[in-house]
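The structure appears below as structure tokens.
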Amino acid sequence: MVSATDLLLNLPLVSAAVWLAIGLWPWVRGLRTSPEKAFAAASVLLGAWAFLDWAFIHTTDPDLAVLISKVRITVFSCAWLAFLYFGRWLSRARSSVDYLAVLPVLGSIAIAWIFITQGAVMTDFGPRLTRDPRWYALYFLQTAAYLGLAFGHIGWALRKAGFASPATRNKLAAIFIALLITMAAWLSTNAYNSLTQAGGFRALSSILILPGILVLVFLAPISRRDLVALLRKLTVTPSRPFAAIWYHNSGHPLAQVVLPGGTGLDAGVLSDLTAAMDHFLSEGLHSDAGSLRQFEHGEHAFVIESGRFLTLVVLLRGHPSEGLRSELRSAIREFEARHGEGLASWDSAANLAEASLTALDEVLTPHPL
């Protein structure tokens with residue numbers, strides 16, 4: 001008969017299966033936006049961490065236990081770096097900060113491999129690590145800081161998600177709170193066990209089962225299209241475009257939408273301006289043609305994304321997020337995939353004005369989900 005202890009010690013396998021499913025579900029359906037990729041990577045890494053937790057509990061070799069613990073710390077640190085990127089890219093564009101954020105994680109991983117774990121002793125409930133409290137405290141501070149930043153970015157994006165329906169926002173808030181409470185419990189428990197060298201409960205990764213199930217239940221019935229729409233509703237709100245223009249590669253403006261209260265644009269003048277700036281970059285600074293992707297004036301930013309037949313220019317107040325950029329690229333790809341033959345020439349593209357207006361309207365004012 002299976003004992004309660006055996007069940008508890010095998011719970012990390014359940015946690016691993018749940019979080020791997022969460023990460024692989026959007027991956028199988030196709031990733032498009034940067035926040036999607038970061039979220040999927042973070043979920044897969046959390047699943048791998050839970051599996052390593054299970055492997056650590058069941059190993060009988062002290063040296064192997066030490067090795068697994070070091071790999072486990074590495075995977076966990078990378079998971080929360082990915083969650084930090086997910087939160088940042090919901091509301092911010094990629095920048096040098098994203099590269100600099102890797103450095104403290106690399107430092108913590110190096111500390112974990114060289115200084116923290118000093119050995120392992122075998123007990124009736126599996127291996128127990130001997131750790132240097134001072135070095136572990138340094139690692140703990142970095143991990144706690146990144147957890148706080150990740151939750152801060154994600155929470156801010158959820159609070160600003162004006163295009164998500166109240167029901168969707170409530171579900172996302174429940175998942176967010178459950179994950180926040182879970183990781184707070186993990187931080188406090190793991191810190192106490194490691195700093196005091198207490199035994200404690202071994203299978204700490206099992207506490208991720210509840211928030212993992214909530215995420216899985218929320219995602220499973222959502223179609224691929226609705227998932228993309230949901231992420232867009234989270235990403236566009238912090239710096240929402242108020243004007244958008246399609247340009248055909250012939251140079252003609254195909255469609256233009258300006259929200260009420262937005263600044264009016266002269267499509268011809270904007271086309272000439274972007275063409276002149278792109279020409280200067282390619283001829284004067286020897287950049288690749290089409291390399292102009294953004295320019296700012298005061299509080300306004302022009303964001304430019306190009307496809308095979310079309311260029312999409314949006315005007316917004318503030319700074320564009322990486323998620324918004326990814327969604328603009330997706331909008332171009334989807335429109336060109338649906339109307340590729342009609343966009344081959346300007347004469348046929350002009351007949352798509354109504355369809356292009358609908359696509360622009362969805363870019364600016366997505367319907368609540």
Applying the selection to region 24-35, what residues are part of a helix (DSSP H, G or I) and surrounded by 23 or more Cβ atoms within 10 Å (Cβ to Cβ)? 34, 35
Exactly one condition in (1) modelled with pLDDT of 80 or more; (2) under 17 Å from residue 243 (Cβ atoms); (3) assigned to a helix (DSSP H, G or I) is false for residue 354; which is it? (2)
For region 86-94, does any single residue satisfy the condition of being within 24 Å of residue 16 (Cα to Cα) and not charged (D, E, K, R)? yes
Looking at the structure I just gave you, is residue 67 touching a Cys at 6+ places or on another chain (Cβ under 7 Å) and among the hydrophobic types (A, V, I, L, M, F, W, C)? no
Considering residues that are closer than 15 Å to residue 95 by Cβ and either in contact with a strand residue (DSSP E or B) (Cβ under 8 Å, 6 or more places away or on another chain) or not polar (S, T, N, Q) (or both), the number found within region 306-331 is 7
Residue 60 vs. criteria closer than 20 Å to residue 129 by Cβ, outside any helix (DSSP H, G or I) and not assigned by TED's automatic domain parsing to the domain that holds residue 317: yes
Exactly one condition in (1) basic (Lys, Arg); (2) crowded, with 18+ Cβ neighbours inside 10 Å; (3) not in a strand (DSSP E or B) is not met by residue 134; state its number. (2)
Test: residue in region 36-44 that is among the hydrophobic types (A, V, I, L, M, F, W, C), part of a helix (DSSP H, G or I), at pLDDT 90 or above and buried (at least 22 other Cβ atoms within 10 Å of the Cβ): yes
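The values are calculated or read from the model by the stated rules, or taken from the named source; none is laboratory data. Note that this is a predicted model, so its numbers are computed, not measured. Quick reminder, even Gly has a Cβ in these numbers, built from the backbone with ideal geometry, and neighbours come from all protein chains shown.
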